[in-house]
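Below is one structure; the comments refer to it alone.
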Ligand code: B12
Ligand code: SF4
């Protein structure tokens, strides 16, 4: 079948991100001998006009849309991407009679609501490699589609239980139809996945919903081969591991790093790391294997908040892991959340004090917590009247603890502006799209938070405002 794949993501903050999920889909389709073309709207200047041209020339028999992000997750400068998605779909409808199937993490977070909202024929929930092939098979044979918990069909009742599909094995994505060079140049990195899944249960988090709670690892040799290929063909020298947690399970992470050392993989990299599972031995192997940046999903410096968020680590783990990075001179940043259930002035102060004590390369602070369907935070938000049963979570709604509503921005802004290495995207403290793009012109690799600590003083909207934000709910 002739299939056109569209990556609708045009976000360039904090960097343009290579559409890895769609590359997995392209790989599965090509392996099954389908004729595949890709249009990636990320760098397209005339997005809809370019799309129109491809639709007229290629005449696809099926269009697959990848919806990675619903919104920018940034309170109060919240930005929903759904309008852009609607425009892309309208263009497809105007210039093609082909059927439309949608997938991706953004779609999988609220599939029923999105199928209702978007003018598409099918929605695939979770990992699409195998479910999409089955769908195509039935379409080609013109057979009635069997019920599946991973497939939503316009005009049909939703499956009684909707769960994300999981590929039977995680293979290697096919990047040959994408502009990898452009992502490397303008985003400073390419990305790679070594496993899927997270067994933990942090109250707000969607990752276990998207990838499942059981960890599924790839063959280490295959991962290293993919790296070698990326270095040779994609001329990459920087990789971001997109795994939910790079350092868990610990033995897998260590085996991978040892293999990278053994095979002399010449690449620097960064990843999400859980402070609870970072031993000195593992950090040693990570550094030997080229690790240059660590992003800790720390969330809070308050033991009470870590407990409320149901984190898998303690404040002491955070101190130990951060100090290890300082000793080993590895750039590291802590992601913090402010305003979750139970947060008050005291717990906020605890987070600031801990960061002052640890003095990491950077701190990235997010205000409010985005409420997603199926999370514990959704239940809490419903019980506290923050949202109602009918609230449509395809649009961003944020939980802010009652004692901080109306003043969280002020409290965090004032404290963050006294500290050099704090980045607060929602308040444009030490970050704007313009600043990021200017820095990238110097061909800097890796995440840009690594540079923020070198700023002389913290600033609001460095180099001017980012694109205007829109109201955070509809
Ligand atoms: C790693 C990561 C990052 C890294 C990316 C680094 C890099 N260079 O790649 C960083 C930290 C930079 C980042 C930034 C952001 N991220 Co992010 N990120 C992730 C994470 C953990 C993994 C994404 C990934 O690569 N997965 C691996 C691929 C293989 O999986 P996949 O894309 O889901 O694809 C599979 C399926 O979805 C499906 N599929 C995909 N496309 C299609 C198409 C069709 C037709 C079909 C049938 C199926 C299908 O099949 C694929 C293969 O199995 C996810 C959470 C998660 N666990 O998924 C969040 C996630 C994607 N991010 C999210 C967001 C919001 C952002 C930011 C906007 C946050 C911010 N303000 O900075 C930015 C946007 C960046 C950008 N330019 O787009 C959200 C998106 C949902 C939402 N709320 O809108 C997620 C889901 C996290 C969350 N909160 O739930 N991110
Ligand atoms: S925050 Fe991290 S550890 Fe917690 S559930 Fe999400 S991915 Fe897992």
Could you compute the FRET efficiency for residue 258 and residue 329, with r as their C-beta to C-beta distance and R0 at 22 Å, rounded to 0.05? 0.55
Per the Cα gyration tensor, the stretch 180-316 corresponds to an equivalent ellipsoid with semi-axes, largest first in Å, of 27, 16, 15
Within the stretch 180-452, percent of DSSP bridges classed antiparallel, to nearest 5: 15
Once both labels are modelled 7 Å past Cα along the beta-carbon direction, what's the residue 235-residue 182 spacing in nm? 1.6
Here, the chain modelled as identical Cα point scatterers in vacuum has Debye log10 I(q)/I(0) at q = 0.08, 0.11 Å⁻¹ of -0.47, -0.93
Give me the extension gain from residue 95 to residue 356: residue separation times 0.36 nm, minus the current Cα-Cα distance, reported in nm with one decimal. 88.3 nm
At 222 nm, what helix-only mean residue ellipticity would the chain give, in deg cm²/dmol to the nearest 500, using -39500 (n - 2.57) for each DSSP H run of four or more? -10500 deg cm²/dmol
Normalised contact order of the chain, rounded percent, pairs of Cα under 8 Å and 6 or more residues apart: 14
Equivalent-ellipsoid semi-axes (√(5λ), Cα gyration tensor) for the stretch 2-153, whole Å, largest first? 24, 18, 15
Distances over 25 Å make up what percent of all Cα-Cα pairs in the stretch 68-213? 39
Normalized C-alpha radius of gyration of the stretch 249-334, against 2.2 N^0.38 Å? 1.12
Can you tell me what share of the DSSP beta bridges in the chain is antiparallel? A percent to the nearest 5 is fine. 20
Assuming 0.36 nm per residue, please report the length gained on full extension of the stretch residue 460 to residue 52 beyond their Cα-Cα distance. 142.9 nm
Using every pair of alpha-carbon atoms in the stretch 311-457, split the distances into 10 Å bins beginning at 0 and state the percent of pairs per bin, rounded to integers. 10, 34, 33, 19, 3, 0
What's the exposure ranking of 8, 287, going from fewest to most Cβ atoms within 10 Å? 287, 8
Compute the helix-to-body angle for 220-233: its Cα long axis versus the longest principal axis of the chain, expressed 0 to 90° and rounded to tens. 80
Measure nothing but the geometry: give the 0 to 90° angle between the long axis through the Cα atoms of 20-31 and the longest principal axis through the Cα atoms of the chain, rounded to 10°. 30
For 405, 258, what's the fewest-to-most ordering of other Cβ within 10 Å of each Cβ? 405, 258
Distance in nm between label sites at residue 250 and residue 345, each 7 Å beyond Cα in the beta-carbon direction? 4.1
Convex hull volume of the Cα atoms in the stretch 180-452, per residue, in Å³? 131
Between the stretch 43-94 and the stretch 327-370, what is the C-alpha centre distance in whole Å? 35
In degrees, nearest 10, the alpha-carbon axis of helix 129-141 is tilted away from the dominant principal axis of the alpha carbons of the chain by 10
Calculate, in nm to one decimal, what residue 280 and residue 43 gain on full extension: separation in residues at 0.36 nm each, minus their alpha carbon distance. 81.2 nm
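Read-outs: derived from the displayed coordinates by stated rules, not from any lab. This one's a predicted model, so the numbers in the text were calculated from it and none came from an experiment. As a convention, Cβ positions derive from the backbone with ideal geometry for all residues, glycine included, and neighbour counts pool all protein chains shown.
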